[in-house]
Amino acid sequence: MLKASSLAQYTRSPEWATKAIPNFCEVCFWKCAKWVNLDEDGNIRSLKGIDDDPHCNGRLCPRGTGGLGMYYDKDRLTTPLMRVEGGDGQTFKEVSWDEALSFIAEKMNSLKERYGPESVALFNHGSSGKHFTHLLKAFGSTNITAPSYAQCRGPREVGFKMTFGQTLGSPEPTDIRDTRCLVLIGSHLGENMHNGQVQEMSDAIDQGADIITVDPRYSTAASKSRYWLPIKPSTDLALLLSWIHVIIEEGLYDKDYVEKHTYGFDRLRHHVKRMTPEWCYGITTIKPDLIRKTARTMAGASPAVIVHPGRHVTWYGDDTQRTRAIAILNALLGSWGRRGGFYFSEKVKIPSFPTPDYPKAKWSWRELLDGKYPLAGLSVSQTFIEASIAENKSEHPIKGWLVSGTNLPLTIPDNSRFEKAVQDVELFVAVDTMPMEVTGYADVVLPECTYLERHDDLRSSPHRQPYIALRMPAVEPLGDSKPAWWMARELGLKLGLDAYFPYEHFEEVLEWQLKQLGTSMEEMQMTGIKRFERQNPSLYLKDEEVPYYNTLSGKIELYSTELEQHGFDPLPNYVAHPEPPDNYYRLNYGRAPMHTFSRTSNNDYLTDLMETNTVWVNPRVAKIWGFKKGTKVKLRNQDGVVSDFPIEVRITERIRWDSIYIVHGFGHNNKKLTKAYGKGVNDTALITKVMTDPIMGGTGMRGNFVTFELIEEPENATI
Ligand code: SF4
């Protein structure tokens, strides 16, 4: 076990070395607040959720508990690295921080001089990104992007904004603990271990809530459900429209709510008139009586019903319209602003530490859209990649990349575009705790210490009550790794941006902010989190209250006037998507409760629980191919891309015959990840067909098909 040494650099009181240190988890982005318990020698002994934190209620998920593996991982990056010029392109040398940061500053200044500061972009995910965001804005660029938008939850934010006038954010304001009916569409809560939500779902089930799961796979959530609808993939929108049809035609909607709060009901009614369960059956393979029964179950629970908006919703390129249909269904059931439906969340506004105004950027990510995706609320990562490819001759070229905490080759679909862009950028800096694939493409690699070894911004997330949580280092950074705030500040000083970093240590910023909020580091060290009073005392709509909704009509828009203004369908329409060719199967991917994307697949503690992914194959398909238990295959997609490594077949009735399923985040091809290298298949590499959402730029990734290349038959195998 590695030992922590002196903590004097980070603390004012050495006594805390034997106490619990407050932190919040960074293994996923639910950010559960936790205590880091140290033993008398200052080693980390355990991690424990903070009881009063609504993100976790004192209980961490398996990944959160195993977060310690991130700190002890023997493959961690511990010193800055620079690519050896004139070498084989794959060789890096160890350098000092001064050399690495001076090189980056010199390159950034050169790009600024030749192309403007806007030519430097930031790709980020997680807490560290905030420090580099501050640096980049001070430098003069607002070209900042995160794949969590266009590759993940962006469509639902726009779908709900078009309907209710506001986005959902994270955590979603779903009142699961009090719901009587929860509908999950391609959303596998439980395997997708968003802690507080999963706990609430479990409590709701105990209290008799009905779960309805729509999924081509018999997920863990499906196993807890009253109804499992094994839908034909890519037809979910047809089911949603048919549910809307039943709820309207059978008069099951919340009439008073619809009349008072919504706009466009008659047009919606007319629109779905022909979308009967019988029409839907031919598309989805879900029987009409089951469509009617489930619609009635939802209506019976109204308004304490949630048709869950989902999280990773970039599937088929019509995702904003699908999530619009989800939002419309919730509106008809009267669940928005109602107990057991969606509550009105609040968060603490963290005061900004005083620094000069940022210089005004001459152009930003909006210009990169070039008239496309008019309703994108945040930047669209793939447009940054396209603007970096020289042959595109972008009017607004991106020339330098800072990449913090996001493993782009396993995140952005169609790797060929990423690889092309990498050849053309003049500066590529990767900041990470681990030698993820992305670091292999960088000119400079900056080793970040883990969340257990650093300060970051205060956590302030929307919830039933406003809360803040503090992250403090429990142990000293390993090797020569550093916190992101330190890197951003040092680089800022080298760029002459001293005025934006008027502090020696980030603790000064936190102290100042906490003082403005009426608390202090001392108090937060004792409590870890702090709860504040709500501004609006009510979590739900009051009787007879009809608020102004931030849409063009001021109402909940069943019929979207804003979409209409932009030339899009004001009401969602089902359009059929391509189906797999003969001997190909739809590639479905998802999550496992013990892993977060590709970031945990080298973690000793978590690979003990799950070391690799397998490919789920229906017995009918296994029979056609002659697969037996333990057969190993490679996967080849419709464009001829073959997986780097083989994967074991798992024969199970839990997946439809027209699809296969793998857990995302495996198939690492960087040998420096000694535990994860060569284990399983990387689904992102097989996603070469992208169906882009014209409304907001989401990259639909579920339209890819794979077939099998037999690698190895097991001896004495049986089905
Ligand atoms: S859900 Fe699990 S991994 Fe995510 S923040 Fe919470 S404890 Fe950490």
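Brief remarks follow.
- Output for region 609-639, where each listed residue is farther than 24 Å from R599 by Cα and open to solvent by 40 Å² or more (accessible area, probe 1.4 Å): P619, R620, K623, I624, W625, K628, K629, K632, R636, Q638, D639
- Long-range neighbours under 8 Å by Cβ, at least six apart or interchain, first residue on the phi > 0 side of the Ramachandran plot and free of Cβ contacts under 8 Å to residues at least 60 places away in the same chain within region 47-60, second of a type outside the set (F, W, Y) and within 8 Å of the ligand (Cβ to nearest atom): G58/G49
- Looking only at residues in region 262-276 that are in contact with a helix residue (DSSP H, G or I) (Cβ under 6 Å, 6 or more places away or on another chain) and buried (at least 22 other Cβ atoms within 10 Å of the Cβ), the one that is farthest from T551 (Cα to Cα) is M275.
- For the residues D693, D604, the requirement of being touching a residue at least 40 places away in the same chain (Cβ under 8 Å), of a type in the set (D, E) and open to solvent by less than 50 Å² (accessible area, probe 1.4 Å) singles out D693.
Yes or no, residue by residue, for (1) at pLDDT below 95; (2) part of a helix (DSSP H, G or I); (3) within 19 Å of I212 (Cβ to Cβ):
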| site | (1), (2), (3) |
| --- | --- |
| G300 | no, yes, yes |
| P309 | no, no, yes |
| G317 | no, no, no |
| R339 | no, no, no |
| I350 | no, no, no |
| T355 | no, no, no |
| Y358 | no, no, no |
| A361 | no, no, no |
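- Close pairs (7 angstrom Cβ cut-off, 6 or more residues apart or separate chains): modelled with pLDDT of 95 or more and among the aromatic types (F, W, Y) in region 268-290, open to solvent by less than 50 Å² (accessible area, probe 1.4 Å) and in a helix (DSSP H, G or I) anywhere: W279/S242; Y281/P288
- Pairing each residue of region 127-150 that is open to solvent by 20 Å² or more (accessible area, probe 1.4 Å) with any residue that is part of a helix (DSSP H, G or I) and among the polar types (S, T, N, Q), provided the two are 6+ apart or on different chains, yields C-beta distances under 6 Å for I144/T133.
- Among the residues of region 388-406, those that are under 25 Å from G492 (Cα atoms) and either open to solvent by less than 10 Å² (accessible area, probe 1.4 Å) or among the aliphatic types (A, V, I, L, M) (or both) comprise S388, I398, G400, W401, L402, V403, S404, T406.
- Residues in region 282-308 that are out of contact with any Leu (no Cβ under 9 Å at 6 or more places or on another chain) and either crowded, with 17+ Cβ neighbours inside 10 Å or within 16 Å of L333 (Cβ to Cβ) (or both): R292, K293, T297, A304.
- Any strands (runs of 3 or more DSSP E) falling wholly within region 162-251 and containing at least 2 residues that are away from the ligand (no atom under 16 Å from the Cβ) and open to solvent by 10 Å² or more (accessible area, probe 1.4 Å): 227-229
The values are calculated or read from the model by the stated rules, or taken from the named source; none is laboratory data. Keep in mind the model is a prediction, meaning the values are calculated, not measured. Cβ atoms come from the backbone with ideal geometry, glycine included; neighbour counts cover every protein chain shown. Heavy atoms of the whole protein, side chains included, go into the accessibility calculation; ligands, DNA and RNA do not. Shrake-Rupley method; radii C 1.70, N 1.55, O 1.52, S 1.80 Å.
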